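The structure appears right after this line, and notes come after that.
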Amino acid sequence: MKLIDRLDADHRLIDAVAASFLSWSRQGGPPADLARYLSFFRDFVRGAHHRREEEILFPALVQHAEVPGDRGPLAVLRREHRELDALLAAVEAPGDRTRTEAVTALVHHIWEHVDKESSVLLPAAWRRLVRSGFPELPVAPETATEGVARGAGEALVAARPPIDDPEVVRSEGCVGCAAFAYACHGLEAEWWNELEWGHYRSIDDG
Ligand SMILES: [Fe+2]
Ligand SMILES: [Fe+2]
């Protein structure tokens, strides 16, 4: 499915630019690159990628794949998209914190978000949409602004290779999600219907 493939590819770039930004912050990159990183997160992540998720994927899941839009994973992911704005503002004007602390908070937020979307949301969305007989979703052509932002992101990664943060354990599934068990009870609890639970139990019973 083209949209799912596109979102997955977006995540790989977003993940890498975030890790490159962490390197810029911790190892002292050129000050002028700060504006380039911020533009990528505003124009590509917020301006294009989040719109693909919130305006195309999420409504399709609600309308065609029996997914609730007002609670569970979609509500958590939408809220996290809004939180990105505050984290970007804190990088621009760190206040009491250092800029490195503000960048670290932003990068950790992005990593956790893309990890849960790539490992939980996208595979489940693909399965549900295919099963519902609604397999193809439109991918709008890249706008000029998005294209410039994508190119800038790729150039930043090439100029300053991504680094890991030894303090962060990247994970797959719902377990690594900060909202798990308090704002969302996991994909199965939030999304599965009686039929799916019945199918699961019949497999489990052997
Ligand atoms: Fe997202
Ligand atoms: Fe995403």
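Any read-out appearing in this document is the output of simple, stated calculations on the displayed coordinates, not a laboratory observation. Keep in mind the model is a prediction, meaning the values are calculated, not measured. Here the Cβ is made from the backbone with ideal geometry for all residues, glycine too, and neighbour counts use every protein chain on show.
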* Give the order of Arg79, Arg128 when sorted by the count of other beta carbons within 10 angstrom, beginning with the fewest. => Arg79, Arg128
* Helix-only mean residue ellipticity at 222 nm for the chain, each DSSP H run of n ≥ 4 adding -39500 (n - 2.57), per residue, nearest 500 -> -19000 deg cm²/dmol
* For the residues Phe180, Phe21, what sequence is obtained by ranking on other C-beta atoms within 10 Å, fewest first? -> Phe180, Phe21
* **Summed side-chain charge close to Val157 - residues other than Val157 whose Cβ falls under 12 Å, Lys, Arg +1, Asp, Glu -1** => +1
* Asked: What net charge do the residues around Gly28 carry, taking every other residue with its C-beta under 14 Å from that of Gly28, with Lys and Arg at +1 and Asp and Glu at -1?
  -> +2
* In Hz, Karplus ³J(HN,Hα) per residue of region 66-72 (6.51, -1.76, 1.60; θ = phi - 60°; x = Gly, Pro) -> 6, 9, x, x, 9, 8, x
* In a Gaussian network model over the chain where Cα atoms closer than 10 Å are linked, find which of Asp85, Asp96, Asp15 has the largest mean-square fluctuation. => Asp96
* May I ask you to derive the relative contact order of the chain, considering only C-alpha pairs under 8 Å and at least 6 residues apart, and to give it as an integer percent? => 40 percent
* Residue order, fewest to most beta carbons within 10 Å, for Arg46, Arg97 -> Arg97, Arg46
* With no solvent and one point per C-alpha, what does the Debye sum give as log10 I(q)/I(0) for the chain at q = 0.14 Å⁻¹? -> -0.86
* Starting at the first residue of region 49-57, write each ³J(HN,Hα) from the Karplus equation 6.51 cos²θ - 1.76 cosθ + 1.60 with θ = phi - 60°, in whole Hz, x for Gly and Pro. => 5, 5, 5, 4, 6, 7, 9, 10, 5
